[in-house]
Amino acid sequence: MQLFISIYCSLLLLFTIPFESGQERIETFTFSSNGVEYEGKIFPPASYENNKNIPAIFLIDFTEQHFKLATDEFEKVINGVHQLIDKDALVVSLKEIADIDAEPESFEEHYAIYKNMALYVDGKYTNNPSRTFIGKGSESGVVLKALFMENSENEIFDNFIATDPSGLYATEIIRMIEENDFPQNKNHKKLHFSYSTSNDRARCNKIIDLINKAEYPWLKFESVEYTKSNYENTYPVSFAAGIKFVFEE
């Protein structure tokens, strides 16, 4: 009987270890923003067990109101981190995909959620000050506006990855740049901006041209036009490309 139990346990161990090693370990937490409690989730890479000095990537992921729903953005950000060489990052987002339409007039509310999430993660999970803000579609508009609205006194994020902004947010970003309607005192930032065939090419190119012509001394900027890929297929590639850009030396 003892021999049978020993063999059974050995077989159980043999079959469970590969299954578990193939799954990403996700932890959940609760934080507060403007008096409301939210549930977040965080992916700690394997190296986190021995090293808490790891930068964090914050994914803003709401229900996409204007295109086919994508529910795998969190996994695609993790995949982008896995493609880094000799670097790791925590990946953080809301636990559930909130049914929210991100529009410019609601920026402060949506930005506050992720600002407070970042401050919570900073105090509990990591002692690395580097934070990246990433999003696609309407949510990438929140990312872009956060880049321009933060200043050296109240900055939260260092790096910004935005792909396929909505028309409303693209128009707002163009206005802000043209009118210089944002704080000018900023520390060093990185921005990776991209768009696909599904987007308004003229409007996206105007954002790119305005940023290039401005030559902001505080900004390292990279832009990509995906000419053979639409909105529903671009974000996994653009997420990985953006993560590579902001983490390269």
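Derivation of every value follows stated rules applied to the coordinates shown; laboratory data play no part. Here the structure is a predicted model, which means the values were calculated and not measured. Cβ sites come from the backbone with ideal geometry, for glycine too, and all protein chains shown count toward neighbours.
Write down the percent of antiparallel bridges among all DSSP beta bridges whose residues are both part of the chain, to the nearest 5. Present the calculation step by step, with values, prior to reporting the outcome.
Values: 11 of 37 bridges.
In the chain, approximately 30 percent of DSSP beta bridges are antiparallel ones.
So how do 161, 78, 174 line up by other beta-carbon neighbours within 10 Å, fewest first? Walk me through the intermediate numbers first.
Numbers: 161 29, 78 19, 174 16.
Ascending Cβ contact count within 10 Å gives the list 174, 78, 161.
I want the local charge near residue 45. Using Cβ-Cβ distances under 13 Å, sum +1 for each Lys or Arg and -1 for each Asp or Glu among the other residues.
On the way: positive: 25, 52, 87; negative: 24, 27, 49, 86, 88.
Once all neighbours under 13 Å are counted, the net charge is -2.
Diagonalise the Cα gyration tensor of the chain and give the resulting equivalent ellipsoid semi-axes, square root of 5 times each eigenvalue, largest first, whole Å. Please report the intermediate quantities before stating the final value.
Values: eigenvalues 255, 78, 61 Å².
One finds semi-axes of 36, 20, 17 Å for the chain.
For the residues 213, 115, 136, what sequence is obtained by ranking on other C-beta atoms within 10 Å, fewest first?
Lowest count first: 213, 115, 136.
Mind listing the long-range amide H neighbours of residue 33? Cut-off is under 5 Å, sequence gap 5 or more, other chains count too, H placed in the peptide plane at 1.01 Å from N.
Those lying under 5 Å, H to H, from residue 33 are 38.
Take residue 24 and residue 72, extend 7 Å from each Cα along the Cα→Cβ direction, and tell me the distance between the two endpoints in nm.
For the pair residue 24/residue 72, the computed spacing is 1.1 nm.
Using modelled backbone amide H atoms (1.01 Å from N, in-plane), which distant-in-sequence or interchain residues come within less than 5 Å of residue 223's amide H?
Amide H neighbours of residue 223: 193.
When the label point is put 7 Å from the Cα of residue 227 along its Cα-to-beta-carbon vector, which residues of the stretch 162-194 have a backbone N closer than 17 Å?
194
Quick check: net charge around residue 157, other residues with Cβ under 12 Å of its Cβ, Lys/Arg +1 and Asp/Glu -1?
Values: positive: 115, 131, 145, 186, 189, 190; negative: 122, 150, 155, 158.
Counting the neighbours of residue 157, the net charge comes to +2.
Only sites in a loop by DSSP and with at most 11 other Cβ atoms within 10 Å count here; which GluC sites (Glu not before Pro) in the stretch 108-174 make the cut? Walk me through the intermediate numbers first.
Working: sites: 108, 109, 139, 150, 153, 155, 172; in loops: 150, 153, 155.
In loop regions of the stretch 108-174 (DSSP not H, G, I, E or B), the sparsely surrounded GluC sites (Glu not before Pro) are 153.
What's the longest piece of the chain with no exposed chymotrypsin sites (Phe, Trp or Tyr not before Pro), counting a site as exposed if DSSP puts it in a loop and it has at most 16 other beta carbons within 10 Å?
Values: sites that count: 67, 218.
Between the exposed loop sites, the longest stretch runs 68-217.
Under a 5 Å amide H to amide H cut-off, with H placed in plane at 1.01 Å, what residues pair with residue 161 once short-range neighbours are removed?
Close amide H contacts, sequence-distant or interchain: 133, 134, 135, 192.
So if I place +1 on the C-beta of Lys and Arg and -1 on the C-beta of Asp and Glu, and nothing else carries charge, what would the dipole magnitude of the chain be about its Cα centre? I want it in debye, nearest 20. Can you show the working numbers first?
Values: 23 positive and 39 negative charges, 125 e Å.
It works out to roughly 600 debye.
Between 91, 36, 121, which gets the highest mean-square fluctuation from a Gaussian network model of the chain, Cα cutoff 10 Å?
36
Could you line up 238, 198, 152 from fewest to most neighbouring Cβ atoms inside 10 Å?
On the way: 238 27, 198 16, 152 11.
Taking fewest neighbouring Cβ atoms as first place, the list is 152, 198, 238.
When 1/r is averaged over all different Cα pairs and the result inverted, which Kirkwood radius in Å belongs to the stretch 135-249? Mind dumping the intermediate values first?
On the way: mean 1/r = 0.0712 Å⁻¹.
Its Kirkwood hydrodynamic radius stands at 14.0 Å.
On a 0 to 90 degree scale, rounded to 10, what angle separates helix 231-247 from the longest Cα axis of the chain?
90
Under the definition of Cα pairs under 8 Å and six or more residues apart, what whole-number percent is the relative contact order of the chain?
Working: 412 pairs, mean separation 45.2, N = 249.
It rounds to 18 percent for the chain.
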